[in-house]
Amino acid sequence: MALLGFLTIGIFLILIFSKKVSVIVALVLVPIVFGLIGGFGLDLGEMMLNGLTTVAPTGIMLVFAILFFSIMLDAGLFDPMIRFILKLVKGDPLKVVMGTAVLAMLVHLDGNGSATFIITISAMLPIYNRLGISRLVLAGVVALGAGVMNIVPWGGPTARAMTVLGGEASDIFNPVIPAMIAGIAWVLFASYLIGRKERKRLGVLTLEETELQLNLSEEEMKYRRPKLVLFNLLLTIALLVLLVGAWLPMPVVFIIAFVIALMVNYPNQKDQQSRIAAHASSVILVATMIFAAGIFTGILNGTGMIEEMALAFVSLIPESMGRFLPVLVAITSMPLSLVFTPDAYYFGVLPVIAETAANLGIDPFEIGRAAILGQMTVGFPLSPLTASTFILIGLAQVDLVDHQKFIFKWAFMTTIVMTVVALLIGAISI
């Protein structure tokens with residue numbers, strides 16, 4: 001079983017790294033083939049159903065989380081904040097850089113890297129060009145802001161971790177909220193240091209009022225609801241409070257919030273259908289991936305492959321070193337974003353490490369918390385394995401290698417800061 005498990009994960013990684021098939025195809029077919037080789041036959045059906053049942057709440061949550069925050073973006077919830085930031089920063093490079101970090105973190109509440117990069121870069125690039133601030137600074141600070149916010153449970157990495165480990169947000173995300181807050185504080189401090197350097201190099205200039213405007217297309221203006229900004233803000237705050245408080249299941253909270261947001265902002269049925277259709281591709285991509293992952297993990301767990309692989313690993317780890325496993329995962333999580341895609345790491349590597357931890361007496365959820373401190377969260381805007389990274393560097397007009405060289409140390413330090421805080425509060429332990 002251990003051998004079949006390693007072969008399953010190995011072939012899965014080879015297929016997605018080589019891009020021979022899509023991730024969804026690999027997640028479904030590879031474990032089925034090796035499950036049949038292992039002689040499980042029709043029993044695989046029950047295993048797959050169990051896997052689908054396990055991930056269903058996460059899949060539902062992701063679908064409606066994406067739709068809710070997309071509606072908020074369409075309605076213009078963040079427009080006043082963007083305008084305020086643009087007016088506040090004026091011609092001071094220090095304020096511009098710090099404002100960029102704040103804007104990126106606010107916009108990335110939806111967990112969508114591509115949307116964050118498009119909105120933030122489009123808003124700030126003209127100011128950067130006018131003041132002469134390095135575009136590497138723009139790309140880097142946006143990466144820091146989006147990266148630390150990508151830990152939210154409706155973002156890809158945390159959702160994958162919950163799917164694989166069978167946990168809820170209260171198991172994986174809530175315990176690291178203080179660490180995430182520390183990461184946000186560090187990003188602001190890092191942007192302050194970077195901005196101070198740019199201010200020293202360039203000085204402070206004066207910008208015209210027309211240079212501080214938010215330019216929207218006619219299509220975007222059609223769906224803006226400026227009179228409902230206060231309502232949308234209160235609804236979003238209520239949503240976040242309910243999520244952190246865990247008083248209701250997360251999928252239920254997002255379904256109700258989405259329906260209210262859609263009904264109030266777009267009472268016309270055609271507008272409602274238009275907004276859902278506009279974001280359907282993102283929803284389908286995420287949902288199908290999560291349910292395909294349910295089949296993958298269902299078979300690996302049901303056949304006992306995960307347990308046997310973990311036992312094989314346990315036999316290789318010195319007992320004195322086992323307790324450091326969560327810290328090791330946390331520290332390596334961000335750099336490994338340059339090597340593993342989120343699917344490869346969370347579906348291929350994380351289950352084995354988590355089961356190994358369980359055999360060493362460590363809570364598997366600790367491994368999940370350690371992983372999201374950097375793996376495709378802080379690390380995703382630097383990784384050549386994510387498409388959104390190329391949107392970031394393309395819009396900012398910078399080279400990938402230059403971008404990585406400039407921001408890697410700041411991103412790695414973000415993970416270190418969060419790891420230290422996670423240790424202090426007991427979210428991970430040694």
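How far apart, in nanometres, would the label points at K87 and D43 be if each is projected 7 angstrom from Cα along the Cα-to-Cβ direction?
Using points 7 Å along Cα→Cβ, the separation is 6.8 nm.
Does segment 285-394 classify as rounded, prolate or oblate by the C-alpha gyration tensor (a ≥ b ≥ c root eigenvalues; a/c under 1.5 gives rounded; else a/b over b/c gives prolate, otherwise oblate)? Walk me through the intermediate numbers first.
On the way: a/c = 2.72, a/b = 1.40, b/c = 1.94.
Taking the square roots of the gyration eigenvalues as a ≥ b ≥ c, segment 285-394 is oblate.
When the Debye formula is applied to the Cα atoms of segment 29-91, each taken as the same point scatterer, what base-10 log of I(q)/I(0) results at q = 0.28 Å⁻¹?
Here the Debye-derived log intensity ratios amount to -1.06.
How high is the FRET efficiency from F17 to L205, r the C-beta distance, R0 30 Å, rounded to 0.05?
For R0 = 30 Å, the calculated efficiency reads 0.05.
Whole Å is fine, so just give me how far the alpha carbon centre of segment 1-80 lies from that of segment 171-193.
Using only Cα atoms to place each centre, the spacing works out to 29 Å.
Which of the helices in the chain, when you take each full DSSP H run, stretch at least 20 Å along the axis at their Cα atoms and have an average Kyte-Doolittle score of 0.0 or higher?
2-18, 23-37, 43-75, 93-107, 113-131, 135-149, 177-202, 229-245, 250-265, 280-302, 400-425
Exactly which trypsin sites (Lys or Arg not before Pro) in segment 1-93 are in a DSSP loop and have at most 14 other Cβ atoms within 10 Å?
Answer in residue order: K19, K20.
Rounded, prolate or oblate: pick one for segment 104-234, where a ≥ b ≥ c are the square roots of the eigenvalues of its C-alpha gyration tensor, a/c under 1.5 means rounded, and failing that, prolate if a/b is larger than b/c, else oblate. Don't skip to the end; give the middle numbers.
Details: a/c = 2.47, a/b = 1.39, b/c = 1.77.
Verdict is oblate for segment 104-234.
Leaving ligands and nucleic acids out of the surface, order V89, V63 by accessible area at 1.4 Å, largest first.
The residues order as V63, V89, largest area first.
Hey, what did the chain get for relative contact order, percent, Cα under 8 Å, at least 6 apart?
29 percent
Explain nothing, just the number: relative contact order of segment 13-167, from Cα pairs under 8 Å at least 6 residues apart, as a whole percent.
Working: 111 pairs, mean separation 34.3, N = 155.
Once normalised by length, the contact order is 22 percent.
Would you please classify the overall shape of segment 221-273 from the alpha carbon gyration tensor, given that a ≥ b ≥ c denote the square roots of the eigenvalues, rounded means a/c under 1.5, and beyond that prolate means a/b larger than b/c while oblate covers the rest?
In terms of gyration-tensor shape, oblate.
Could you tell me what fraction of 2.2 N^0.38 Å the Cα radius of gyration of the chain comes to, as a two-decimal ratio? The partial results should precede the final answer.
Details: Rg = 22.1 Å, N = 430, 2.2 N^0.38 = 22.0 Å.
The value comes to 1.00.
Could you work out the helix-only [θ] at 222 nm for the chain, with each DSSP H run of four or more residues adding -39,500 (n - 2.57) and the total divided by the number of residues, to the nearest 500 deg cm²/dmol?
-23500 deg cm²/dmol
Report the full-extension gain for the segment Q397 to E218: residue separation times 0.36 nm, less the Cα-Cα distance, to one decimal in nm. All intermediate terms of the calculation are to be shown ahead of the outcome.
Details: separation 179, 0.36 × 179 = 64.44 nm, distance 2.56 nm.
Between Q397 and E218, full extension yields 61.9 nm more.
About the Cα centre, and with charges only on the beta carbon of Lys, Arg (+1) and Asp, Glu (-1), how big is the dipole of the chain? Nearest 20 debye, please.
1400 debye
I need the GluC sites (Glu not before Pro) found in segment 237-325, filtered to DSSP loop residues with at most 14 other beta carbons within 10 Å of theirs.
Of the GluC sites (Glu not before Pro), the ones in loops of segment 237-325 whose Cβ has at most 14 other Cβ atoms within 10 Å are E319.
The values are calculated or read from the model by the stated rules, or taken from the named source; none is laboratory data. Everything quoted here is computed from the prediction, not taken from an experiment. Here Cβ is always computed from backbone atoms with ideal geometry, including for glycine, and neighbour counts include all displayed protein chains. Please note that ligands, DNA and RNA were not included when accessible areas were found on the heavy atoms of the full protein model with its side chains. Shrake-Rupley method; radii C 1.70, N 1.55, O 1.52, S 1.80 Å.
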